[in-house]
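Let me begin by presenting the structure, written as structure tokens, before commenting on it.
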Amino acid sequence: MNSRRDYLSNRSALFDSIEEGGFQASSSYTTHEITEHDNDRAIDGLHDRVNMLKRLTGDIHEEVKTHNRVLDWMGNDMDASRGVLSGTMDRFKMVFKTKSSRRMVTLVVSFVVIFLLIYYLTK
């Protein structure tokens, strides 16, 4: 018990005599005032963090909306491409139904393959 009293008296003597930058610590500030000041600073820090998180979530929301719009556009373009490709495949089926057009297609494909082969060999 005696050592605690010595500790408290040494502590108060130490802090009552400190002077830094024109500020002299005194016993006029109570622990309650100091704690409330610390709480105010902590609340300000939390307020700043909440504002930062609010801006961040707003940015994420805008980014998600943009990506959804892009994906919708891509889906629509894919549907249009699927329609065009389906029409092309129907035309190819019609061409391959007749024997003479099948020979013509074989001839065109062989010319394209020969052309590509020559192109890559000379490159």
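Derivation of every value follows stated rules applied to the coordinates shown; laboratory data play no part. Fair warning: this is a prediction, and the values are worked out from it, not measured in the lab. Cβ coordinates were reconstructed from backbone atoms using ideal geometry, including for glycine residues, and neighbour counts include every protein chain displayed.
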Estimated FRET transfer efficiency when R0 is 41 angstrom, pair Thr122-Asn68 (beta carbons, to 0.05): 0.25
Difference of contour (0.36 nm per residue) and Cα-Cα distance, Asp79 to His47: 6.7 nm
For region 102-108, Karplus couplings with θ = phi - 60° (6.51, -1.76, 1.60), whole Hz, Gly/Pro x: 5, 5, 4, 5, 4, 5, 5
Only Lys, Arg (+1) and Asp, Glu (-1) charged, at Cβ; region 37-113 dipole about Cα centre in debye: 1260 debye
